[in-house]
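As structure tokens, the structure follows; a few thoughts come after it.
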Amino acid sequence: MGVGGPAGPVMDRDEVDRALARLGAEHEAIETSLLALQDHAGRRLLEGARLTGTTQERWASADQEITLLWAYFDAYADALRTAREIRSRRRLPSRGDLSELTELLRGESVTIAPGPGAGGTSPSITGPAKLSEQFTLAALVDRMNTLYASSLDMVVAADAVWSALPARIDMLAAELARTRQLAHSVGVRPGEHPAGDDLERITGSLTRMREEVVSDPLTYWQKAAGSSAPGGGRPDTTAYDREARALEDVRREIEAVLGVRQDAEVRLGRLRDVLSRADRTLAEARSARGEVLAKIAGSEVPAVSGPPTVLQEQLATAAEYRRHGQWNRLSPLLESLESKAEDELLRARESLTAVTAPLAIRAELRGRLDAYKAKVARLGFAEDPFLVERYDAARRMLWSAPCNLRAAEAAVLRYQRAAADTLSAPADRTARGES
């Protein structure tokens, strides 16, 4: 190896041949990558799209980078072609050939001149404008790799968003259209029902989202943390997912309203039946109250209210909603009425129970009196004058009108005690005789 120059020691023939082989392989790899980038669907879409915002700024930079990449590659290819021509002059290169090849392969032998339309300045976008730049082939490859990675990252990100989101937004928009049609059929409209307002908001949101995705896809790109690989990341579907969940909530609500339409008549029939039973029970309670007041003395009998006219009015309103297909209004009204109707029936039953309580007490006293009489007769004391007198007194009180329950209960207790004393006396006498 001879004395070196600015590019270092002069290379021998084997070093030259190995360097040319390596540079040739790099040339093929770079050319393949650039052609793939040139044909990338994302790049073609970016070239033809009306871009805005971040994507517009990034694409302006990336487009300039791609133009610069081709300029660098052409300079690289020219330098490699020149080196191959020098090496092919003779099988055994001369000292001058090797010196020239060393300078070309290792030295700053590549000059990048100003590009067309660059205003007389270098096409470099990495720093201040220069009349020209000098590179070694190795430095030029590094620069191309950097520009390629940056350009490819932007192209892949935009293409990934365009491949993922517009189609999903269109599918959600189609589902939205079906939901809006169903909502209209059950009377769910903006300004009349919260679900109608939600559908209006989701429609506007999806329209804006699609416009943004098409014109500024990088707004919807989430770069992977710590990733330096081109295209490292994923489309950001946060806004899309939020609207999809909102539409699902609206769809469930509309299906509930639709269910109301399908079983409204059955539910209205049940409501009429429950309210009718409540009315009949209240009527029975009012009738029973009159009977109690006539037959029972000395007892407080609660008043019985009339049927609730508000519920009947609401029931009539519900029937009107059904007649006019106002399902969105009928749904909450039916739920409220069903709860109130059951409460009303329970209240009517409690009122009947409270009103008839004195009659129940009288019936219980009558049953107790007859049960003791049967027991006394079974044991042979049916004709006992004292017991007959006590029984008749209690019976007159219980079967007279009005019946004083307190006095009647006291009379029944007196008969019970007399019967108990009478029934226990023979046993006592028997016990004394045996002793």
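The values are calculated or read from the model by the stated rules, or taken from the named source; none is laboratory data. Predicted model, so just to flag it, every value in this text is computed and none were measured. Using ideal geometry, Cβ is built from the backbone for each residue, glycine included, and neighbour counts are taken over all protein chains shown. Please note that ligands, DNA and RNA were not included when accessible areas were found on the heavy atoms of the full protein model with its side chains. Shrake-Rupley method; radii C 1.70, N 1.55, O 1.52, S 1.80 Å.
For the reader, a short list of remarks on this structure follows.
- Sorted peptide list for 63-72, 233-242, criterion being average Cβ within 10 angstrom, highest first: 63-72, 233-242
- Residue-averaged 222 nm ellipticity for the chain, from DSSP H runs of 4+ at -39500 (n - 2.57), nearest 500: -26500 deg cm²/dmol
- Cα-centred dipole magnitude for the chain, charges only on beta-carbon of K, R (+1) and D, E (-1), debye, nearest 20: 2380 debye
- The mean sequence distance of close C-alpha pairs (under 8 Å, at least 6 residues apart), as a share of the length of the chain, puts its relative contact order at 13 percent.
- Along its principal axes, the range 247-358 has C-alpha extents of 66, 25, 18 angstrom, given from the largest down.
- Cα long-axis angle, helix 405-434 against the chain (0 to 90 degrees, to the nearest 10): 70 degrees
- Global dimensions of the range 267-424 from alpha-carbon coordinates: Rg and Dmax equal 24.4, 79 Å.
- In degrees, nearest ten, helix 327-378 long axis to first principal axis of the chain (Cα): 30 degrees
- Considering only alpha-carbon pairs that sit under 8 angstrom and 6 or more positions apart, the relative contact order computed for the range 1-93 is 33 percent.
- With respect to the chain, whose longest principal axis is taken over its alpha-carbon atoms, helix 309-323 is tilted by about 40°.
- Taking all protein chains into account, the per residue accessible area for the range 213-344 stands at 53 Å² (1.4 Å probe).
- Rg and Dmax [Cα atoms of the range 200-303; Å; Rg one decimal, Dmax integer]: 32.1, 98
- Carbon/sulfur fraction of accessible area - the chain, other protein chains in place, 1.4 Å, %: 52 percent
- Listed values (i) 32.9; (ii) 22.8; (iii) 27.3 include one computed from this model; for Kirkwood radius over Cα pairs in Å that value carries the label (i).
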